[in-house]
Amino acid sequence: MKRITIWGFLVLLGLAAVWIGGPFYTLHQLRTAVETQDAAYLDNQVDFPLLRDNIKLQLNARAAQATPPRWRDSPLGGLALGLTNQLVDRLVESLVTPSGLLSLLEERTLQPESPSADPEADGTLSEAEREIRFREARFRFEGLSRLRVEATTEQGEPIRVVLSRQHLKWRLTNLILPEWPDSLLDSAQGGGDV
């Protein structure tokens with residue numbers, strides 16, 4: 001009886017370790033994929049169909065939000081918004097790929113603080129420059145199958161991602177886009193008469 005209790009406790013402890021440690025291991029794998037520029041490795045850590053759907057929803061909602069109210073009620077405005085949604089969908093389908101995500105994350109996290117003074121530099125980052133560093137990171141579990149990560153890079157760029165558990169594997173399922181500046185929304189909503 002004592003053995004069964006010990007084995008049961010060890011199994012529960014192992015499951016808890018997988019549940020709590022799994023997303024952090026996935027974050028480590030994502031970081032490694034970006035640092036080594038390995039698109040195939042990144043593809044294994046990201047649910048690209050779900051990520052594309054989530055980014056499309058964000059961009060389409062922001063396009064609708066930026067549309068002036070008088071345009072939303074007109075048939076021509078509805079047509080323009082429909083065309084915008086189709087354009088967003090096609091752009092996201094073509095750009096949100098393993099290589100596209102690597103480029104975006106590299107730009108947001110790996111850019112050196114100051115450009116090289118060496119005129120012979122070829123523009124590539126050294127291994128030391130390729131290491132991802134964050135000033136701060138916050139993690140928040142949202143239920144048993146979702147982890148939200150909010151981080152700030154050394155360059156001050158915010159990165160917000162969501163990891164979701166799919167069976168026993170955790171994968172990146174959402175990249176929360178930065179907020180649009182109020183000035184952009186104000187100019188779109190109250191901008192000149194068209």
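The values are calculated or read from the model by the stated rules, or taken from the named source; none is laboratory data. Please read these numbers as outputs of a predicted model, since none were measured by experiment. Ideal geometry is used to build each Cβ from the backbone, glycine not excepted, and the neighbour counts take in all protein chains shown. Surface areas here come from the heavy atoms of the whole protein model, side chains and all, with no ligands, DNA or RNA. Shrake-Rupley method; radii C 1.70, N 1.55, O 1.52, S 1.80 Å.
Quick one: which residue in Leu15, Leu95 is open to solvent by 80 Å² or more (accessible area, probe 1.4 Å), farther than 26 Å from Pro158 by Cβ and out of contact with any Leu (no Cβ under 8 Å at 6 or more places or on another chain)?
On the way: Leu95 fails: farther than 26 Å from Pro158 by Cβ.
Answer to the check: Leu15.
Cβ-Cβ below 6 Å, separation at least six or inter-chain, first residue in the range 70-86 and closer than 25 Å to Arg52 by Cα, second of a type in the set (Gly, Ala, Ser): which pairs?
If the second residue must be of a type in the set (Gly, Ala, Ser), the pairs left are Thr84/Ala63.
Suppose we keep only residues that are at pLDDT below 80, of a type in the set (A, V, I, L, M, F, W, C) and part of a loop (DSSP other than H, G, I, E, B) within the range 147-194. Which one would you say is least open to solvent (accessible area, probe 1.4 Å)?
Residue satisfying both the conditions and the ranking: Trp180.
Would you check which residues across the range 1-25 are without any contact (Cβ under 8 Å) to a residue 12 or more places away in the chain and of a type in the set (Ser, Thr, Tyr) and list them?
Within the range 1-25, Thr5 is the sole residue that qualifies.
Going through the range 26-55 one residue at a time, which ones are free of Cβ contacts under 8 Å to residues at least 60 places away in the same chain, under 30 Å from Gln86 (Cβ atoms) and open to solvent by less than 30 Å² (accessible area, probe 1.4 Å)?
Phe48
Working only within the range 62-87, note down all residues that are outside any helix (DSSP H, G or I), open to solvent by less than 50 Å² (accessible area, probe 1.4 Å) and either modelled with pLDDT under 80 or more than 22 Å from Pro178 (Cα to Cα) (or both). Please lay out each step first, then the result.
Residues of the range 62-87 that are outside any helix (DSSP H, G or I), as a first pass: 67-68, 73-74.
When the remaining residues are screened for being open to solvent by less than 50 Å² (accessible area, probe 1.4 Å), the result is 67-68, 74.
Within the range 62-87, Ser74 is the sole residue that qualifies.
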